[in-house]
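The values are calculated or read from the model by the stated rules, or taken from the named source; none is laboratory data. Not measured: the values here are computed from a predicted model. Reconstructed Cβ throughout: ideal geometry from the backbone, glycine too, with neighbour counts over all protein chains shown.
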Amino acid sequence: MEHTPSLDSNADPGIPSCNSCRRRKLKCTREQPRCSNCDKFEVTCVYEYEKKKPGYKVGAIESLSRRLENVERELAISRAQNHNQPSLSPACSPEKELHAAEPPQALAPVVGALSSLTKEISGLKVAITSTQSYAYERAEEAAADNVANRKRRRIDESPVQEPSSLLHVDLAQHVQNDFLLEARDTIADTYFSFIYPWISILHEPSVRKRLQFAPKSHPFPGIFHAMVVSALRFVKIADKPLTHQFYAEQTLKARQEIMSTAMNEICIEHAQMLLILAFTELVDDNVQKAFALLGVVARYIDHLQLSLEEPTRDYPVGVFGKSHGPLPAKDWIEEEERRRLYWNAVMLDRLCASILGCATCLTGTRIHRRLPVCASFWHTNQPRSTPYIQVFDTLSSGPAQSASLTSPSGAASPSNTGSIVDSEKSSSSGIGALAFYIEAVESMGTIETHFLRQPVDCNNSSDLSRWLTRFKEMDAYLLRWKLRLPQQWKDSGISRRILPGVMDPAMTAANATHNTCLVLLHERIAYPEPSLSWVRLPSLDSGEICVGAATEVCTIIRKFIEQRPSPYAFAPQLGLCAFVSARSLLVHSRKYDTPLVQAFWHLLECLDTMALRWATPSQLKSPSLFSEFADRIRTIHTNCEMDLSYQIDRSEPLQVRTSASSVPSARHWWSKHQQATYVQQHSSEFDAASYTQAKHAVAQDSQRLRQNDALETQNSAFTVRTDVPWGPMDAGDVAADSGSYEDLLAISQSLLDPNFTSLNRIVSFEDMMLGNINETWSLR
């Protein structure tokens, strides 16, 4: 039996028991300054000398908290099963919200419990307010004793909030947190099944282990909010989709959390969060918002030096000494994660620039990055060496050769290229589908930047000769890219030993992008401008290449859609390939006055299917990049049907870079009288002598500047541009030499040579093993 301490000489029987003994229902010794019980438990001993009004019953708050937890748990389960909004509006009572949103038979116990709790809390309102300080001290003691009771405490000196409003706010917050906790693994599975194949920047085993052992105080890492934004649309509860209102609120809060967190610090995880958010905004047809986010990611990449391999990074010296560079990668897995982050940002940047018709964000010239390794080696921690990317950098020289050809991002080859040739060949076995996908996207960016957007003087033989030479070199590179593909990747992974008959997502996009590059490259030859009518071009052969490549893009995308049952997300790059191919088929039909091939309508159907797969189940008509492409093709087709003289402008950007929400700023200016008044008011600040001296000095400086400008204008005609990787079209002599026309004839004859026109450049399904191509495959 426990011994009860007796009163000693230090005890004062005239004072009441201390707060700690009263709470624990122990006999207080009333010793000063601390009783024996408080000394034993090592807590603060507080005596209340003034008698207070009777407060709430001991244990009432703990009992109410436990009952409220049970009610919240039942409410969360019921709302998730019935697909109603889980949060309660502070403007209405719990009973009204439940009666309006849930069946009364299913939630009758919950309604009764909430009604009872509301009445009890309202009855305790006066008691809680009068004994507020005592409750706060009890909460402090409970935290010291590691008592795991949920308490709602004030953290500032603001007035006490109404208990009913606290109930509404806390109930909504806890219901949403409970849903995310219960659906955390489901959201992760959905992300890695539907989104990760198109933006593989996260190491799946590491992320899953991090989510599994996340602390209770911080159960949702920052990268999890990015998963919520991109993958929540595909999550189902009890095989039923979420309501649009619930999805919109959850994704809005996740977006706000991403932006507030990512702007606090520049690090790899924050760049990953912004990149996943940019991907989602791009597919949601918010291209300008995605491009703005990519601009932030570009600054993060520049600061973290992700465009360079580890040994080549440096730390520049500033005015105040050497700057602190990014921390080196801990291991090979983290270095590969950085490498994938950079290349995925480059691909999204190229895509946004193509849609908006503008320059890319990642335009630095210090790019020295290896291609990412195959995902199977990365996930199993098997380090492999991969080659550096090389786009149009091994071309033969000719009489009309341009400057050295490099990637559109200005990727520089290693300085000791001769010593790394053997190592590059031996390291190519470690690359996978993502590496070929990157090369295909870079090829498209190079064709667009250095061929389609380059101005050409059609009346200048030398200029035309260089332009056609560039076309032939690019065509030769695309042919070499196809020839060096391993057999398992020529058919998008159908013939590989692992998962035979299943098309790899990244390689499917790579093959479709390669054929789209052929369409973009040969369109200007197949359907030339009227100013090129005097030049002999292989227009018929290029037209056949465009139709064949566009048809194969249709075949590849259709087969891939057949293998991926709903729901499934598709890459925006596939939407761009389908749009370019459908537009090319429409241009060919207009040019040669032939009926549209069936592939045109199949491509429209593919765009509609991809838009339907991305839309939320509750709002199937929500806009997306795929629906924008489909609407644009239908608009062009309608214009062609209604106006026989309508000309399709292939150089027109897909989206106009204007903001609908921007309001023109109001302009105000002073009248001459106001300006004179202002000058008179401030003229006393200057004396006449200094004003006259300054006037003469300004006149002399202006005369000297005009002379310098005139001299620079005279010398500007002899200035040579060196900031473009490719040689500019007008970089030749001022006057065409006598051999320029002969060079143009020579390159024209080489393009008409059957050895050139008969080359098979298209990645097609003709030579594939089609045994299992019609089988569907579930990712999970």
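At-a-glance table
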| item | result |
| --- | --- |
| Given (1) at pLDDT 90 or above; (2) exposed (fewer than 14 other Cβ atoms within 10 Å of the Cβ); (3) in contact with a strand residue (DSSP E or B) (Cβ under 7 Å, 6 or more places away or on another chain), index of the condition ARG339 fails | (2) |
| Residue list for region 478-534, filter: in a loop (DSSP other than H, G, I, E, B), modelled with pLDDT of 85 or more and of a type in the set (Ser, Thr, Tyr) | TYR527 |
| Any chance SER533 is under 24 Å from SER748 (Cα atoms), without any contact (Cβ under 8 Å) to a residue 24 or more places away in the chain and over 32 Å from the mean Cα position of the chain (by Cα) | yes |
| Filter result for THR251 (polar (S, T, N, Q) and either over 26 Å from LEU574 (Cα atoms) or more than 17 Å from the chain's Cα centre (by Cα) (or both)) | no |
| 1 or more residues modelled with pLDDT of 85 or more, of a type in the set (S, T, N, Q) and in the same structural domain as TYR247 (by TED's automatic domain parsing): qualifying helices (runs of 4 or more DSSP H) within region 1-97 | none |
| Residues within region 334-374 that are within 23 Å of GLU652 (Cα to Cα) and among the small types (Gly, Ala, Ser), tallied | 4 |
| Conditions (1) more than 30 Å from PRO754 (Cα to Cα); (2) in a helix (DSSP H, G or I): number failed by PRO567 | (2) |
| When residues of region 189-213 are limited to those that are in a helix (DSSP H, G or I) and surrounded by fewer than 16 Cβ atoms within 10 Å (Cβ to Cβ), the one modelled with the lowest pLDDT | GLN212 |
| Matching entry among PRO326, PRO311 (being modelled with pLDDT under 75, in a helix (DSSP H, G or I) and at negative phi) | PRO311 |
| Failed item, numbered, when ALA599 is tested on (1) farther than 27 Å from LEU452 by Cα; (2) not in a loop (DSSP other than H, G, I, E, B) | (1) |
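Okay, residues lined up against (1) among the hydroxyl-bearing types (Ser, Thr, Tyr); (2) crowded, with 24+ Cβ neighbours inside 10 Å:
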| residue | (1), (2) |
| --- | --- |
| SER492 | yes, yes |
| ILE498 | no, no |
| LEU518 | no, yes |
| ARG524 | no, no |
| LEU540 | no, no |
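Yes/no per residue for (1) hydroxyl-bearing (Ser, Thr, Tyr); (2) without any contact (Cβ under 8 Å) to a residue 24 or more places away in the chain; (3) buried (at least 19 other Cβ atoms within 10 Å of the Cβ):
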| residue | (1), (2), (3) |
| --- | --- |
| TYR247 | yes, no, yes |
| ARG255 | no, no, no |
| MET263 | no, yes, no |
| LEU274 | no, no, yes |
| ALA278 | no, no, yes |
| ASP285 | no, no, yes |
